[in-house]
1. Using the 10 angstrom Cβ neighbour count as an exposure proxy, how do LYS262, LYS68 rank, fewest first?
2. Just flag the GluC sites (Glu not before Pro) in the range 223-267 sitting in loop per DSSP whose Cβ has no more than 14 other Cβ atoms within 10 Å.
3. Along the Cα→Cβ direction, 7 angstrom out, place labels at ARG266 and GLU71. What is the inter-label distance in nm?
4. Could you check the spin-label model distance between ARG220 and ASP308? Points 7 Å from the Cα along Cα→Cβ, value in nm.
5. Based on the mean of other beta carbon atoms within 10 Å per residue, what is the order of 13-20, 82-89, most packed first?
6. Based on other C-beta atoms within 10 Å, arrange LEU227, LEU101, LEU238 from fewest to most.
7. Could you list VAL40, VAL92, VAL112 so that the one with the fewest beta carbons within 10 Å of its beta carbon is first and the one with the most is last?
Amino acid sequence: MLDTNGSLGVLVGFDGSDHAIRALQWGAAEAHRQGVPVTVVTAFTVPRMISGYAESTTEVAGDSLARKGAEQTLEEAREILRDFPGDATFHVEYGDAAGVLVAHSSNAEIAVVGARGRGGFVGRVLGSVSSALPAHSACPSVVVGQSYEFTSTGDDPWITSDERPVVVGMDSSHGSKYAALKAAEAAVNHEVSLHVVMAVPPLDGALMWYPELGPRNDERERRRQELEDRLQIIVRWLSEHFEHLIISCAVIDGLPVEVLQKETQRSQLTVVGTRGRGGLASVLLGSTSSSLLMHAAGPVMVVPEADDPRMPDDDHAAAHAPLR
């Protein structure tokens, strides 16, 4: 069982799948960069009707085939991290895979899983409970897809040589501002720039045929300029807390999820919040969440909303901050 008294560092859910291997590599490299431990967990369950035990508690402690399989899977993780220079621990946990990670997320810095699995961790996360980990994790969660390739610097095999920026999706909500802070921290930690994006959804299909029903072009341009000004204010606010971080921004035409998916092709990490105002952050846990996480070209970090002394006093404070 996991020791919940101390920090678990980077918590990685591992089921032996190809996606899980890539998630383990990403999580271990992140733990090494941050100087925290990596905690690898494999979960298993046995349907009570076929377990062969009278009580579920016997299954937890018993020497069952399911537990043996989980132990064997964990050995694969040990082999992958055999040369890892940091503190790495490995645990078998009984229970629902997503539930196990969520339960321990309050003691972790980051929780990491692969985009698809063998019916274990991500089979649940992107399956019947639809993004359970990003929706309920107490810490930022990262989903790593099959397209992710870890490349090292050569001097240190556990430090990535990826120089692409960290991208954060904004919609001016409190949650997306906090996500921007975590994205900035990640960019500083990885010694890369931060790119802040905001999506402008296209006109409704009907307006293409009946433009007189929609806003005038000058009105749309005025709205776009407002968004660009707001984004510049957010960049200034971030720069106050991350003095040496290079920050760029862009207002991009397109549906939020489509904008975010394209950004994953150009970034080493794409960050969003769990709640928003109908923009990039909010859609992640809505009807398009599975598509976004499953088809992202790179790791996606989902940041739960939290308090932080660096945050504006309210959601509108940054928007009304004086330009300097």
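Any read-out appearing in this document is the output of simple, stated calculations on the displayed coordinates, not a laboratory observation. Small disclaimer: the values here were computed from a predicted structure and weren't measured. Using ideal geometry, Cβ is built from the backbone for each residue, glycine included, and neighbour counts are taken over all protein chains shown.
1. Numbers: LYS262 16, LYS68 12.
With the fewest neighbours first, LYS262, LYS68 line up as LYS68, LYS262.
2. Details: sites: GLU226, GLU228, GLU240, GLU243, GLU258, GLU263; in loops: GLU243.
The qualifying sites are GLU243.
3. Between ARG266 and GLU71, the simple spin-label model gives 5.1 nm.
4. With each label point 7 Å from Cα toward Cβ, the separation is 3.4 nm.
5. The most tightly packed comes first, giving 13-20, 82-89.
6. The order, fewest Cβ neighbours first, is LEU227, LEU238, LEU101.
7. Starting with the residue having the fewest Cβ neighbours, the order is VAL92, VAL40, VAL112.
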